[in-house]
1. Out of all the residues in the range 92-101, is one or more over 23 Å from THR31 (Cα atoms), exposed (fewer than 13 other Cβ atoms within 10 Å of the Cβ) and touching a residue at least 24 places away in the same chain (Cβ under 8 Å)?
2. Evaluate the range 70-91: report whether one residue or more is free of Cβ contacts under 8 Å to residues at least 60 places away in the same chain, in contact with a strand residue (DSSP E or B) (Cβ under 9 Å, 6 or more places away or on another chain) and open to solvent by 30 Å² or more (accessible area, probe 1.4 Å).
3. Of ASP35, ASP47, which residue is out of contact with any Ser or Thr (no Cβ under 7 Å at 6 or more places or on another chain), farther than 15 Å from TRP106 by Cβ and of a type in the set (Asp, Glu)?
4. For the range 25-52, name all the residues that are open to solvent by 30 Å² or more (accessible area, probe 1.4 Å), farther than 15 Å from GLY91 by Cβ and touching an Asp or Glu at 6+ places or on another chain (Cβ under 9 Å).
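The values are calculated or read from the model by the stated rules, or taken from the named source; none is laboratory data. Everything numeric here is computed off the predicted structure, so don't read it as measured data. Note: ideal-geometry Cβ built from the backbone for every residue, glycine included; neighbour counts use all protein chains shown. Side chains included, ligands, DNA and RNA excluded: accessible areas come from the protein's heavy atoms. Shrake-Rupley method; radii C 1.70, N 1.55, O 1.52, S 1.80 Å.
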Amino acid sequence: MSLRTCFAALALTLALGCSKGSGATCPTNSTLTYDNFGRGFFLRYCDSCHGTGGRTRPSMASLSDIRAHSSEIDQEAAAGPDGVNTAMPEGSPLPTEDERRRLGEWLACGAR
């Protein structure tokens, strides 16, 4: 493992240790789905690093990958009543707070 990889792993571990969930909940009238929200969000903000062939783990190349890591995604990138998490994505473009709130809602609804 390279020194750069070790530092990246340490930074992620520290960030997760300090992060908290967004506190987002799933409203009964939520219309967010993978097709109308999730896929576009991950394509725009996450796939360059975490998609198929991406250079960073964990992989978020499929809906099942996203569901498996939904808690970490919430802690790193989602917004809700408990806070706005902005550790991810790194670089640009960056999601707006509204997009982060929709991400929190979508994850809270089971990333359906």
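1. Yes.
2. yes
3. Testing whether each residue is out of contact with any Ser or Thr (no Cβ under 7 Å at 6 or more places or on another chain), farther than 15 Å from TRP106 by Cβ and of a type in the set (Asp, Glu) leaves just ASP47.
4. If the condition is that a residue be open to solvent by 30 Å² or more (accessible area, probe 1.4 Å), farther than 15 Å from GLY91 by Cβ and touching an Asp or Glu at 6+ places or on another chain (Cβ under 9 Å), then THR25, CYS26, PRO27 are the ones that fit.
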